[in-house]
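Data block below; observations after.
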Amino acid sequence: MEECSTGALVPAVKPDPKASSVTDLADPGSGHVGRLVHEKELAEVDKDLLCPICMQMIKDAFLTACGHSFCYMCIITHLRNKSDCPCCAQFLSAKQLFPNFLLDKLLKKTSARQISKSASPVEHFRQALQQGCEVSIKELDTLLALLAEKKRKMEQEEAERNMQILLDFLNCLRKQKVDELSEVQTHLQFIKEDIGAVERCRMDLYRARDRYSVKLRMLGADDSISGARKQWHSSPDNNTGALSGRGGMSSWNLPRRDALSASDSQFLTQTGLAIARKKRVHAQFDELQECYLRKRCQMANQPYSQQERDKSVIQREGYTAGLADFQTVLTTLTQYSRMRVMAELRHGDLFHSANIVSSIEFDCDYELFATAGVSRCIKVFDFSSVLNDPVDMHCPVVEMPTRSKLSCLSWNKFTKNHIASTDYEGIVTVWDVNTRQSVMEYEEHEKRAWSVDFSCIDPTMLVSGSDDCKVKLWCTRQEASVIDIDMKANICSVKYNPGSSNFIAVGSADHHIHYYDLRNPSEPLHVFTGHGKTVSYVKFLSNYELASASTDSTLRLWNVRDNIPVRTFKGHTNEKNFVGLTVNSEYIACGSETNEVFVYHKEISKPVTWHKFGSPDLDDTEDDAGSYFISAVCWKSDSPTMLTANSQGTIKVLVLAA
């Protein structure tokens, strides 16, 4: 990573050159088979009629003084280089060559016989007519009638074949359409059942809302009557009290009108939100349709569990697991349409170009976050202070200078004050944030280390990956690596499975994700293929869902339990830089080389929303867009809040908003 806005380029592996001889092979139908046929024909020819030089039937036979016959061009070409006979090695010159007329005549007859053997009956008949064979009119009529009958038979057979082909096509098409119709009918049945279930649930919600409204009105009326009685008893004159009572009664309606107007305003606001969410549904309709049908078909026979999935008081009778799962997707997808900036701060010196933030991470309690990059310093900030203090420059609560540029950070998932880092010299360091000192330093990597990650299960274990093509596992209680995994390409990212300390995912420059069981590290459990370029990041959404980012400008979702690809996400631009990747249980976010942050829902391949960084220091927005890129992103747990940073050193707190 140079000390400028270009950032760290993602390692790439050049493909091994392939031997071009494979592509030069002749077509088997035209080359190999043709040679076999030719060799068979030559086997039938007398070997004495073959030219000793080209091993083909002699053309323009010439005889030498020593009694051997050759093709004229073959022997002339030979004598240009040598002066001897190819057969007996006697001295020979061009003046000692003589035409062999007898052999030429014999060769022509042999060639005619060969042609005659391979000729069709029609060709024989044509040759006979050309040679003047006498045929009577009666014989010609018989032949013509025979040929006409043969033609009609061939045409009939051809028509039958064409009809059979058409019939096969129509039968195949009918079967396909019947299957599609059956599928559509199944889908329509699912939709009909779900519409009924949703209608019943909606009516229950309406009834519950009406009951709550009646209770609220009754409570409001009770409070008003109680106040009126107090006013009546406190009045010295009953008539005055009666008047006061009437005044009080008239005043009861005022707060009610206010309440109604407030309710109307709230209703209008909710209507506006509903319209906006409907627009989002229509914008992603095709993807949502696919998601609904997939979930509904997969979970057709699984009943919906109210206790596990919904704590509301409304019982969802008739709901299936697929419908409930899809409603969750629909709710989370349409809930947000943009990202709002909550806070912004500068990382490092305003006048220093080396401000690229390579990594940004929250601690285990999501109270502190740390940043690292080319500025050779780990900075720890208090999140609440950054969010609540309206200042441009926030001072870190902890600063820890390092010897080299940093590439990655990882907080310990259990020990709040421990954080690990990797740098450009290949050193893996565990820091104590309280003392601002390093606890352990591991220097076994031979090249730049790109990634480090603490185990979510065992707080003493961490894993790192490097440009030296090695993955190393460390224990904070030992000074040397515990496990070494040698690979064939640069390692860009490593990540522990959050549900086990035995499984890790490795993103590599060989375009693949390697999934290892550390109890048998000699070979991966599975290799996930699909990316077209270097895999720059890997992150787990759950124990079995793995997201990956690549410089082919795509994100991919994998199921490590079933070892299958799930979905490909496109929309951002990433061709050479590390632009960051972060995940939570529902959303995947990444940076882009267009200086934008993109957010995807894990069930939809198109981005839900995106946010473009602006540059307050540059007036030319086009230069800004071309010079800077997003370099790090991090969700705040499962909340809609995210930390983002770009190559200019700008850090923003973004939140998903309606």
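The values are calculated or read from the model by the stated rules, or taken from the named source; none is laboratory data. Treat the numbers as computed from the prediction; the structure is a model and nothing was measured. Cβ placement follows ideal geometry from the backbone for every residue including glycine, while neighbour counts extend to all protein chains displayed. SASA here: full protein model, heavy atoms, side chains in, ligands and nucleic acids out. Shrake-Rupley method; radii C 1.70, N 1.55, O 1.52, S 1.80 Å.
Return the only residue of 203, 163 being open to solvent by 90 Å² or more (accessible area, probe 1.4 Å) and at pLDDT 85 or above.
Values: 203 fails: open to solvent by 90 Å² or more (accessible area, probe 1.4 Å).
Within the list 203, 163, the selection yields 163.
Taken together, the residues in the range 415-444 that are touching an Asp or Glu at 6+ places or on another chain (Cβ under 6 Å) and assigned to a strand (DSSP E or B) amount to 2.
Can we say residue 168 is under 60 Å from the mean Cα position of the chain (by Cα), outside the structural domain of residue 60 (by the TED database) and at pLDDT below 90? Break it down stepwise before answering.
Values: under 60 Å from the mean Cα position of the chain (by Cα): yes; outside the structural domain of residue 60 (by the TED database): yes; at pLDDT below 90: no.
No, not satisfied.
Residue-level analysis places residue 221 among those that are modelled with pLDDT of 65 or more, surrounded by 12 or more Cβ atoms within 10 Å (Cβ to Cβ) and part of a helix (DSSP H, G or I). Applying the criterion of being farther than 20 Å from residue 60 by Cβ and among the charged types (D, E, K, R) to the residues of the range 93-127, the residue that is surrounded by the fewest Cβ atoms within 10 Å (Cβ to Cβ) is 117. Mind listing just one residue for me: the one in the range 66-92 that is touching a strand residue (DSSP E or B) at 6+ places or on another chain (Cβ under 8 Å) and open to solvent by 50 Å² or more (accessible area, probe 1.4 Å) and, of those, nearest to residue 49 (Cα to Cα)? Going through the qualifying residues, I end up with 72.
Picking from residues in the range 443-474 that are hydroxyl-bearing (Ser, Thr, Tyr) and in contact with a Cys (Cβ under 6 Å, 6 or more places away or on another chain), the one that is farthest from residue 422 (Cα to Cα) is 460. Within the range 380-395, the residues that satisfy the criterion of being open to solvent by 40 Å² or more (accessible area, probe 1.4 Å) and at pLDDT below 85 are 389, 390, 391, 392, 393.
Conditions tested, residue by residue: (1) without any contact (Cβ under 8 Å) to a residue 24 or more places away in the chain; (2) open to solvent by 40 Å² or more (accessible area, probe 1.4 Å); (3) more than 20 Å from residue 407 (Cα to Cα); (4) assigned to a loop (DSSP other than H, G, I, E, B).
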position: 504; (1), (2), (3), (4): no, no, no, no
position: 507; (1), (2), (3), (4): no, no, no, no
position: 516; (1), (2), (3), (4): no, no, yes, no
position: 519; (1), (2), (3), (4): yes, yes, yes, yes
position: 523; (1), (2), (3), (4): yes, yes, yes, yes
position: 527; (1), (2), (3), (4): yes, yes, yes, no
position: 531; (1), (2), (3), (4): no, no, yes, yes
position: 536; (1), (2), (3), (4): no, no, no, no
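Filtering the range 401-428 to residues that are in contact with a Pro (Cβ under 9 Å, 6 or more places away or on another chain) and buried (at least 23 other Cβ atoms within 10 Å of the Cβ) leaves only 418. Close Cβ contacts (under 9 Å, 6 or more residues apart or on different chains) running from residues in the range 115-131 that are of a type in the set (Asp, Glu) to residues that are modelled with pLDDT of 70 or more and open to solvent by 60 Å² or more (accessible area, probe 1.4 Å) comprise 123/115. Taking residues in the range 545-558 that are assigned by the TED database to the domain that holds residue 574, and partners anywhere that are acidic (Asp, Glu) and surrounded by fewer than 21 Cβ atoms within 10 Å (Cβ to Cβ), the pairs with Cβ atoms closer than 9 Å and at least 6 places apart or on different chains are 551/575; 552/575; 553/575; 557/545; 558/545.
The rows are residues; the columns are (1) at pLDDT below 90; (2) over 60 Å from the mean Cα position of the chain (by Cα).
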residue	(1), (2)
41	yes, no
47	yes, yes
51	no, yes
54	no, no
58	yes, yes
62	no, yes
72	no, yes
75	no, yes
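When 452, 494, 471 are screened for being part of a strand (DSSP E or B), touching an Asp or Glu at 6+ places or on another chain (Cβ under 7 Å) and either of a type in the set (S, T, N, Q) or closer than 23 Å to residue 550 by Cα (or both), only 494 passes.
Checked against (1) within 21 Å of residue 379 (Cα to Cα); (2) under 31 Å from the mean Cα position of the chain (by Cα), residue 447 passes all but condition (1). Being under 21 Å from residue 450 (Cβ atoms) and assigned by the TED database to the domain that holds residue 428 is a property that residue 362 has.
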